1. Does SER202 meet the test of being assigned to a helix (DSSP H, G or I) and at negative phi?
2. Limited to the range 76-110, what total is found for residues that are over 29 Å from ASN237 (Cβ atoms), open to solvent by 40 Å² or more (accessible area, probe 1.4 Å) and assigned to a loop (DSSP other than H, G, I, E, B)?
3. Given the conditions (1) more than 24 Å from LEU226 (Cα to Cα); (2) open to solvent by less than 70 Å² (accessible area, probe 1.4 Å); (3) touching a helix residue (DSSP H, G or I) at 6+ places or on another chain (Cβ under 6 Å), and given that GLN54 satisfies all but one, which numbered condition is not satisfied?
4. Looking at (1) of a type in the set (S, T, N, Q); (2) under 28 Å from TYR147 (Cβ atoms); (3) touching a strand residue (DSSP E or B) at 6+ places or on another chain (Cβ under 7 Å), which is the only condition SER38 fails?
5. Please go through the range 120-129 and give me each residue that is open to solvent by less than 10 Å² (accessible area, probe 1.4 Å) and in contact (Cβ under 8 Å) with a residue 60 or more places away in the chain, ordered by number.
6. Can you tell me which residues in the range 28-47 are small (Gly, Ala, Ser) and surrounded by 21 or more Cβ atoms within 10 Å (Cβ to Cβ)?
7. List the pairs whose first member sits in the range 145-168 and is open to solvent by 10 Å² or more (accessible area, probe 1.4 Å), whose second member is modelled with pLDDT of 95 or more and acidic (Asp, Glu), and whose Cβ atoms are under 7 Å apart, counting only residues at least 6 apart or on separate chains?
8. With (1) open to solvent by less than 10 Å² (accessible area, probe 1.4 Å); (2) assigned to a strand (DSSP E or B); (3) over 19 Å from GLY86 (Cβ atoms); (4) not β-branched (Val, Ile, Thr) as the list, and ALA25 as the residue in question, which single condition is left unmet?
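The values are calculated or read from the model by the stated rules, or taken from the named source; none is laboratory data. Here the structure is a predicted model, which is why all the values come from computation and not from measurement. For neighbour counting, all protein chains shown are included, and Cβ atoms are generated from backbone atoms with ideal geometry for every residue, glycine included. Surface areas here come from the heavy atoms of the whole protein model, side chains and all, with no ligands, DNA or RNA. Shrake-Rupley method; radii C 1.70, N 1.55, O 1.52, S 1.80 Å.
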Amino acid sequence: MSDKKKILITGAGSGLGEGTAIGLAKLGHEVIAGVQISPQVTPLRQKAIDLNLQKNLRVEKLDLLDPYDVAYALTWDYDILLSNAGIGEAGPVFEIPVDLVRKNFETNVFAPLHLVQQFIAKLIREKRKGKVVFTSSMGGLFTPDGYGIYVSTKHALEAIAEALSSELKKYDIQVQTINPGAYLTGYNETMADNPFRWLDDSKNFTKRADMKAVFDSLLGTPQGRLDPEEMIGAMVNIVPSDKGKFRNVVPKFVEDMLKEHQEKAWDVTI
């Protein structure tokens, strides 16, 4: 693949997705920023104009749950897909309503896989090289209390990405995961709010105050409120590269923590 890439990013209306879209466009890549809802389109287009990036940064509505949006997205020209869109449902696994679990898997696993499958088929039919990068999470590799459902979707993406990486080698299509730590984009904080829509002290075993304490212990520390510019910088380097690691955990202290956690997992008892 050439130095300048054509890249589609899903979930580019805010946070790491938006920052990565802008960063890649600044480097001269042709970027299509797919945003979930119409109100995100015009502000990001204006931001592109303000940054003089309108030639490199195209903004389109792309809700992965809208079949018309997805069909339209498959007509666009790109050779790298950064599958970044996602939502998070938190709360105790033994009490969370199962319809919320289904919703989380639909948005984070099934819908992205549907787009990825069709993108890959297009590359294979056209005999083109390409690349799929999944935004996973540090939570794709371990499970903190309160986040079991969300991180189970990321565990699923890890397995999907690993299988694809092997299956697609013969087609010269690359696959990577990016595994951010707890960066302060508002995503984790919004996810931590979600259980309080349904947690009811008169019905649930898990009390609201106890759940809040769990989230505060994870997100109220400096390690839970990292500067997203670090992660965006890493993504801008990883996504267009023709070489690199399959799994990319940032920052380094989180990678070290995950390796230690996985090593200790062999000795866990009940």
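1. no
2. The total comes to 3.
3. Here GLN54 meets the rest and fails (2).
4. The one condition SER38 does not meet is (2).
5. Correct list: empty.
6. Of everything in the range 28-47, those that are small (Gly, Ala, Ser) and surrounded by 21 or more Cβ atoms within 10 Å (Cβ to Cβ) turn out to be ALA33, GLY34.
7. Going by the 7 Å Cβ cut-off, the qualifying pairs are ILE149/GLU89; TYR150/GLU89.
8. Going through (1) open to solvent by less than 10 Å² (accessible area, probe 1.4 Å); (2) assigned to a strand (DSSP E or B); (3) over 19 Å from GLY86 (Cβ atoms); (4) not β-branched (Val, Ile, Thr) one by one, ALA25 breaks only (2).
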